[in-house]
Every structure is written in structure tokens, then in C-alpha cells.
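Enquirer: Pasting in a structure now, in C-alpha cells, and then I'll have a few things to ask.
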Amino acid sequence: MKKDLISIYDLKTEEIESILHKAKDLKEMHRKGVPYRPLEGKTLAMIFEKPSTRTRVSFEVGMYQLGGHALSLSPQDTQLGRGEAIADTARVLSRYVDGIMIRTFAQERVEEMARFASIPVINGLSDLLHPCQILSDIFTIEERRGQYRGLKVAYVGDGNNVANSWINGALRLGFDLWLACPPGYEPNAKILLRAQEEGSSQIILTHDPKEAVEGAHVINTDVWASMGQEGERAERIKAFQGYQVNADLVHRGEKDVLVMHCLPAHRGEEITDEVMDGPHSVVFDQAENRLHVQKAILTLLMGKGQNDEQGR
């Protein structure tokens, strides 16, 4: 039976831990120059309906390092740009390639791709969720702090796909999560309520950034206007005043607090240069770890034996 990665919520705790352990092993092998090519002869189709730097490069380089090949497909490169149904594209690609990564707008497009594909589908980003990013961020926390359980993680800014996936991560892995978002820019209410009802850890929403980061071990942020929200930029900048991750806010965290940003950053808006380039920042470690976690995901979903029984 094929396995997809659509949401962290869909994963069991042990499956997340398996991804993190695999990423650690793969990063160590990469640093030592040890070749590991379990995806030799396999191909990943990467569908980009939104532009990308880290997702594009990490998946493409990851496939190459694992011995496989990646195809980058924009809407202009495929019939999706001319209105072909996601379901039809999923069926056709399933006969050509061994896995699909899709980076798109509506979460429903990711879910439909997974429903009709007979091969693994990975959510590279949707407007609702960004699971691969948060798995990489959690890997970075574990790498730097030795663990994630028992930590207080703070998220300051827009209640977007990153915030929603942090909520799912806290639910599955048991760390405390405090989210500080301006009124009207809170995370998805259904995702938040589900996590608060099902989880054993604290998952708290506040409108006060200072409260959220007080004593935090990790502080996260993201851009105030994501892709597709450019027309709201001026309105959002006004609404998010007071939510900037700056030195004053960072000083409220633990003395060795980690500062994270999934990138790209609008320096001087949601985060200052002083913080992003400062001693607490692990921003570029996060970016590097996208490669290793992506490789772990690809190996576990597309590795030998994962889809052999499908008889494609």
C-alpha cells in the first residue's frame, strides 16, 4: 500500500521519528562523503504552481544524491496550465514516474492528486499546510537542543500554512506551542481546535508576542504576506506592527533561545537583520536541513519495496 505525505497530522509519532532518524543518518553520510543511492532508476515529478527556491533545490538535489532523477514541471510545462483535471494528471504521471511532489495553492489539489495517484504524493506546500518545512525545523531543533519534547516553541506572526503545520507538529510530538498572531490573522480554527482537544501538550493562541516568547526555547516567524497575498501587503504591514522578531523580543526567551525563519525573509519587517544574522539564529541550518529531511522522506516513501506490489 502506497504512503503519502500530505499533512503531519496524518503521520503517526513513530513515523515522524523515523523521518528524523533517517535524516540524521543521511546528513552524517553526506558529510562523510558516503554514497547512498537507494532510488537508482527512480524519478520524481515536481509540480510547481508556486515558485520555489528551497523546495525546488532540496528535492532535486536530494533525488540526484539518492541516485534518482527529478523533473521540474510548471503549469506552462504541462496541461494543468490549460485546465487538465488533477485526477487525470495524477493517473498519467503514475504510469511514468515513481513519486510526485506538488507545491500549489489549494490543499484540495494536493489531496486530489494523492487520491488518484497510485504512487506516493508529497505536499511541497499548499496555502493550508507546509509539512516538509516543519519536519525540517523540528529536525533542526533536535539537532541543536538534543530533543524537542518538553520545550516551549513560540511562533510569532501570520497564522498561515507554517503556523498550521507547527500546530500539527506539536500535537504529534508533544512540545508546548504558543502562537502570537494579530486579530483576524489567526491559524486555521479547525486545525487549532483539533490539536487542543486531542493533544497532551499546551497549544495556546494569544495576541501578545511578549507572552508567547516569554521563556521560549525556540522562536519562529514567517513573512507577513505570503505568495498570493501581495495585494494585501500594505494592510498586513499595518496589522502586524508589534509582531516583529527583534532583539527586545528575543531577550524574553531562554538565554540560548533558537530563532527560526523558514525563508524567504523580508528583513526589517517580520525579523531584523540583527536577529537573523545574530548568535541565536539557526535560519540557515534550517535551510540546509531541508535537503537532508527531504532525502529521508523520499527514501522512506519511494525506496525499494515501497511500491513494488503495485505492479505498475
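Enquirer: Assign one of three labels to the range 132-281, namely rounded, prolate or oblate, based on the Cα gyration tensor with a ≥ b ≥ c the square roots of its eigenvalues; rounded applies when a/c is under 1.5, prolate when it is not and a/b is larger than b/c, and oblate otherwise.
Expert: Working: a/c = 1.58, a/b = 1.13, b/c = 1.39.
Note, shape of the range 132-281 comes out oblate.
Enquirer: Determine ³J(HN,Hα), in whole Hz, for all residues of the range 95-105 in sequence, where each value follows from phi through the Karplus function 6.51 cos²θ - 1.76 cosθ + 1.60 and θ = phi - 60°; x replaces Gly and Pro.
Expert: Values, residue by residue: 8, 10, 10, 10, x, 10, 10, 10, 10, 8, 8 Hz.
Enquirer: Which whole-number percent is the relative contact order of the chain (Cα, under 8 Å, 6+ apart)?
Expert: It rounds to 21 percent for the chain.
Enquirer: Suppose every Lys and Arg Cβ carries +1 and every Asp and Glu Cβ carries -1, with no other charges. What dipole size does the chain come out with about its Cα centre, to the nearest 20 debye?
Expert: Numbers: 37 positive and 45 negative charges, 196 e Å.
For this selection, approximately 940 debye.
Enquirer: List every residue whose amide H lies under 5 Å from the amide H of S74, counting only residues 5 or more places away in sequence or on a different chain, with H placed 1.01 Å from N in the peptide plane.
Expert: Hits under the 5 Å cutoff: F48.
Enquirer: Give the long-range amide H neighbours of I203: residues separated by 5 or more places, or on another chain, with amide H under 5 Å away, using H modelled in the peptide plane at 1.01 Å from N.
Expert: So I203 has HN proximity to L177.
Enquirer: In whole Hz, what ³J(HN,Hα) sequence does the range 43-49 give by Karplus (6.51, -1.76, 1.60; θ = phi - 60°), x for Gly and Pro?
Expert: Ordered by residue, 3J(HN,Hα) equals 10, 10, 8, 10, 9, 10, 9 Hz.
Enquirer: With the cut-off at 1.5 for a/c, could you classify the range 3-64 from its C-alpha gyration tensor as rounded, prolate or oblate? Write out the running numbers ahead of the final one.
Expert: Numbers: a/c = 1.71, a/b = 1.05, b/c = 1.63.
In terms of gyration-tensor shape, oblate.
Enquirer: Between D158 and residues 5 or more places away or on another chain, which pairs have amide H atoms under 5 Å apart, with H built 1.01 Å from N, and which residues are they?
Expert: D222
Enquirer: Which of N188, H280, G199 sits closest to the plus end of the dipole of the range 132-281, meaning its Cα is farthest towards the positive end, when Lys and Arg get +1 and Asp and Glu get -1 on the C-beta?
Expert: Among N188, H280, G199, the one farthest towards the positive end of the dipole of the range 132-281 is G199.
Enquirer: Could I ask something else about it? Along each of the three principal axes of the Cα atoms of the chain, give the extent in whole Å, ordering the values from largest to smallest.
Expert: 56, 44, 37
Enquirer: Can you list the HN-Hα couplings for the range 251-267, worked out from phi with the Karplus curve (6.51, -1.76, 1.60; θ = phi - 60°), rounded to whole Hz and with x for Gly and Pro?
Expert: 3J(HN,Hα) across the range 251-267, in whole Hz: 5, 7, x, 4, 4, 10, 4, 9, 10, 10, 8, 6, 6, x, 9, 9, 4.
We did not get these values from a lab; they are worked out from the coordinates using the rules stated. Keep in mind it's a predicted model, so treat the numbers as computed, not measured. Neighbour counts run over all protein chains shown; Cβ positions are idealised from the backbone, glycine included.
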